[in-house]
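The values are calculated or read from the model by the stated rules, or taken from the named source; none is laboratory data. Quick caveat: nothing in here was measured; it's all calculated off a predicted structure. Heads up, the Cβs are rebuilt from the backbone with ideal geometry, glycines too, and the neighbour counts pull from every protein chain shown.
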Amino acid sequence: MPKISDIQETPNPNAVKFILREPVTAGVARQFGSNDQAQSDELARSLFDVGSVASVFYMDNMITVEKENAADWDELLPILAVPIRAAQSVAAASSNGDTSAVGGAIAAVTSDDPRLLRINEILDEKVRPYLMGDGGYLEILDLTDHTLKIRYQGACGTCPSSLTGTLMAIESMLKEQIDPELEVIAV
């Protein structure tokens, strides 16, 4: 059972990031935008069951919970801590033969386009660590011709700055280093 090491605010006022002492996945990002989507995932389902939860994102030793606008963090945080503390860590899940916490809900884009490998390297080095620091992540959905489709996850999914300033900075960096005609679209 993971212990909560810290609870941090994010740039998105409706999202907080729980830092855990033990990871709940092994390098795999999981994103759930509704209770219906979370039904097959015990941790996400238990967080939605608390009520007033708009989305759940977790990866490694981080869980980001986005609340509904009307909810109050002072009331919600202590209730959210209960299912988080009850969740299985990766080590416990592996020793019990349960690999659901280790497997992946988000598939990587497969392509023989060499630009995709370089784009992922740049994002891993210069973008994703900062997004994770704010309780979010970025997934590549598709690269076709000169168009890169991405999806923000966690706190970044509904944060206004990710859809404006951050997106423009990512596009500018990738245009400079990969393809001057590249257009980055957040979906």
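If N14 satisfies all but one of (1) in contact with a Lys or Arg (Cβ under 6 Å, 6 or more places away or on another chain); (2) more than 24 Å from L141 (Cβ to Cβ), what's the number of the condition it fails?
The one condition N14 does not meet is (2).
Somewhere in the range 160-168, is a residue under 17 Å from V28 (Cα atoms) and touching a Phe, Trp or Tyr at 6+ places or on another chain (Cβ under 7 Å)?
no
Restricting to the range 26-61, give me the number of residues that are within 26 Å of S161 (Cβ to Cβ), in contact with a helix residue (DSSP H, G or I) (Cβ under 7 Å, 6 or more places away or on another chain) and of a type in the set (S, T, N, Q).
Residues meeting the conditions: 2.
Which residues, taken from the range 113-159, are in contact with a Phe, Trp or Tyr (Cβ under 7 Å, 6 or more places away or on another chain) and either more than 20 Å from E66 (Cα to Cα) or basic (K, R) (or both)?
Result: R128, single match.
Keeping to the range 124-162, report how many residues are surrounded by fewer than 20 Cβ atoms within 10 Å (Cβ to Cβ), touching a residue at least 12 places away in the same chain (Cβ under 8 Å) and part of a helix (DSSP H, G or I).
2
Confirm whether S172 is at pLDDT below 90 and more than 19 Å from Y58 (Cβ to Cβ).
Considered against the rule, which asks whether it is at pLDDT below 90 and more than 19 Å from Y58 (Cβ to Cβ), S172 comes out as no.
Pairs under 6 Å by beta carbon, first residue farther than 19 Å from N61 by Cα in the range 72-90, partner among the charged types (D, E, K, R) and crowded, with 18+ Cβ neighbours inside 10 Å, six or more apart or different chains?
L76/K67
What is the number of the single condition among (1) buried (at least 21 other Cβ atoms within 10 Å of the Cβ); (2) assigned to a strand (DSSP E or B); (3) not basic (K, R) that I185 does not meet?
Every condition holds for I185 apart from (1).
Quick check on the range 163-182: of everything there that is out of contact with any Asp or Glu (no Cβ under 9 Å at 6 or more places or on another chain) and in a loop (DSSP other than H, G, I, E, B), which residue is surrounded by the fewest Cβ atoms within 10 Å (Cβ to Cβ)?
For the range 163-182, the residue satisfying everything is P180.
What are the pairs, 6+ residues apart or on separate chains, where a residue within the range 55-70 that is free of Cβ contacts under 8 Å to residues at least 24 places away in the same chain has its Cβ under 9 Å from a residue that is of a type in the set (S, T, Y)?
Partner pairs satisfying both residue conditions: A70/S52.
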